[in-house]
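A short reminder: the numbers here are calculations on the coordinates, not readings from a lab. Computed from a prediction, not measured in an experiment: that's the story for all the values here. Methodologically, a virtual Cβ is constructed for each residue, glycine included, from the backbone with ideal geometry; neighbour enumeration extends over all protein chains shown.
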């Protein structure tokens, strides 16, 4: 088991602690048929189980109880808290249907959102409107269809995210290049635009909004906010034009948009470096701010404060309630590392699910097992890595979602084509399969020889503070406000050097140290 050396705060006392935190696997289940089955979405259910969704091309075989309807179908699988299948449903038309978003609704059923180019056939009751359409399906608590709606224009429309709204309807979003036609009420602004649609509890459109600039704009994730509005996360290559109020920083940037409950833009923020940056997941946090996770190839530039580790990196950004950056972390190894989801945990930290092709390097502490692996990371409230696990077999895996369970473990879902090897204990059923895991959040704590080697003085402080760490070098010093706002960064810090804090207002602050793979956080008071 790998070791992660971390400091814990106990009031104002600080001791260096050794954590044996590997997020170990408790159980796993490979779910699939004889063809290609890929999981793209997962959520918790009220009974302690989980709802899984994706695309299936399998006929009756393995775990599949129904034949495929078209080229690819929605496949919904309900599992209990131990990962065992309770029911499933194959939903589709005669062509290609992909399910990208799923969640339980207030009536105990489920709302499904994805794409379809099928005409009337199978479960489709409406013809395709364009090359590809949004397809919304409402099912009851046992997976039976209650209603469905094909929504689109005359071009290509891709829905990636859907959630129940506070009024019992649904908010859905993705991208579109359709002009006024079908359900589109506005012409395209650029090459691709964000398209957000509000429907009522029966699937009837209440309003839609086409949002974009003069180039490529895409929505990957949206979430309902506590004020009844919506937060949107995607990417933009547009300059100032259309709805864009800020120019692009790189080839593609994070684009965060806050909407009111009737779909009007409240504020927006373009965030990025000089290369490519894109959002995969966004949600509101318990403090009223927002957590964003995505990918980046940018070095230090624009809003990026850290260089790329190599290839694609995960880029995590915390915003306040007005969309201003509080902190950020670039996470990766020397190859391609992709974040798919980030969710807040009960302790105020975050759990990340994604994929990695990196060996030990940068933030990676394990080599890859196959072509690509699940990479699961636990971050603290300030975005520092607390624990991680590289999970996979000798084939290819990609984790799409991780969520905290009632016992403070983690449920992870994605897809795999590995046979028994590495962490896989079951062979592939055929092609890619759904692969679900339960991880423990074990925290083994043992005092080590460095427990009394760090000294911060004076505390409280007026103008300067000094830090001394015996027998170790201090690589980075960061000062945070109690709200998590990064105020100062010092690199290549020398032991006992004075740190100017005279500019700080009176109050409590956090000082975070990095020494090799160790992270220390200590509270101090500015008089």
With 0.36 nm assigned to each residue of separation and the Cα-Cα distance removed, residue 60 to residue 287 gains 77.0 nm
For 337-348, 197-208, 91-102, ranked highest to lowest by mean beta-carbon neighbours within 10 Å, the order is 91-102, 337-348, 197-208
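Which whole-number percent gives the relative contact order of the range 199-308, counting Cα pairs below 8 Å spaced six or more residues apart? Working shown, then result.
On the way: 272 pairs, mean separation 23.3, N = 110.
21 percent.
Using Cα-Cα distances under 8 Å and only pairs 6 or more residues apart, what relative contact order does the range 352-413 have, in percent?
On the way: 124 pairs, mean separation 20.1, N = 62.
This gives 32 percent for the range 352-413.
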Quick calc: nm separation of the 7 Å Cα→Cβ label points for residue 245 and residue 492 -> 4.0
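Please compute the Kirkwood hydrodynamic radius over the chain, one decimal place, Å, based on all pairs of different Cα atoms. Intermediate values should be presented prior to the final figure.
Values: mean 1/r = 0.0416 Å⁻¹.
It is 24.1 Å.
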PRE zone check, label point 7 Å out along Cα-to-Cβ of residue 334, amide N under 14 Å, scope the range 357-389, hits 357-368
Placing each pseudo-label 7 Å from Cα in the direction of the beta carbon, residue 107 and residue 261 end up separated by a distance in nanometres of 2.1
Descending packing, highest mean Cβ count within 10 Å first, for 272-284, 45-57, 75-87 is 272-284, 45-57, 75-87
Here, residue 407 and residue 205, labelled 7 Å along Cα→Cβ, have an inter-label distance in nm of 4.7
With the label point 7 Å along the Cα-to-beta-carbon line of residue 127 and a cut-off under 16 Å to each amide N, the hits in the range 145-177 are 150-155
At the level of C-alpha centres, the distance separating the range 84-102 and the range 242-275, in angstrom, is 33
For the range 334-375, the Debye formula with one identical point scatterer on each Cα and no solvent gives log10 I(q)/I(0) at q = 0.18, 0.26, 0.29 Å⁻¹ as -0.54, -0.86, -0.95
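When the Kirkwood radius is taken over all Cα pairs of the range 258-389, what Stokes-Einstein diffusion coefficient follows at 4 °C and 1.567 mPa s, in µm²/s? Please list the in-between numbers first.
Details: Rh = 15.0 Å.
Rounded, D is 86 µm²/s.
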Taking alpha-carbon centroids only, the range 387-431 lies from the range 196-215 a number of Å equal to 35
